[in-house]
Amino acid sequence: MCMIKTLGSRGEDIAADFLEKKGYKIIRRNYKTPLGEADIIVKDNNTIVFVEVKARTSDAFGQPFEAVNYRKQEKFKKIALYYLKHNKIESPVRFDVVSIISQNGKNEVNHIIEAF
């Protein structure tokens, strides 16, 4: 479990760096609510983007982004609504996934814009 947590945290760091280099402004990381957690919240021009990060050490069991199933998408949307409501934000919203395969010292990053 500890190794998985470390991989997840490292994946979020990789994703945050990747997004910043693409010009996104990081608003929050690890935003916790009673409903769950949003890995990264960024701003892309006037759009608030909720980013789910999935990291794996291989694609043996499929691409990391495939783990963001319908149930997780619906939960993530509720977390986003919670954030917007509690911060009194009215803005266009988007849901992205950053999928990372980290193996042999290299990171393959796949940014899926408007993933759901």
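Key figures
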quantity: Selection count where residues are among the aromatic types (Phe, Trp, Tyr) and more than 23 Å from Asn45 (Cβ to Cβ), scope the range 83-105; calculated: 0
quantity: Test: residue in the range 19-30 that is under 17 Å from Gly8 (Cα atoms) and buried (at least 17 other Cβ atoms within 10 Å of the Cβ); calculated: yes
quantity: Residue in the range 70-79 that is outside any helix (DSSP H, G or I), at pLDDT below 95 and over 16 Å from Ser99 (Cβ atoms) present; calculated: no
quantity: Where a residue in the range 103-116 is surrounded by 14 or more Cβ atoms within 10 Å (Cβ to Cβ) and its partner, wherever it lies, is among the charged types (D, E, K, R), with Cβ under 7 Å and at least six apart; calculated: His111/Asp96; Ile112/Asp96; Ala115/Asp96
quantity: Verdict on Asp44 being farther than 19 Å from Gly8 by Cα, of a type in the set (Asp, Glu) and within 15 Å of the chain's Cα centre (by Cα); calculated: yes
quantity: Matching entry among Val42, Val49 (being among the hydrophobic types (A, V, I, L, M, F, W, C), without any contact (Cβ under 8 Å) to a residue 40 or more places away in the chain and surrounded by 15 or more Cβ atoms within 10 Å (Cβ to Cβ)); calculated: Val42
quantity: The range 22-69, residues that are out of contact with any strand residue (DSSP E or B) (no Cβ under 7 Å at 6 or more places or on another chain) and within 13 Å of Val98 (Cα to Cα); calculated: Lys22, Glu66
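The values are calculated or read from the model by the stated rules, or taken from the named source; none is laboratory data. Predicted, not measured: the structure shown is a model, and the values here were computed from it. Reconstructed Cβ throughout: ideal geometry from the backbone, glycine too, with neighbour counts over all protein chains shown.
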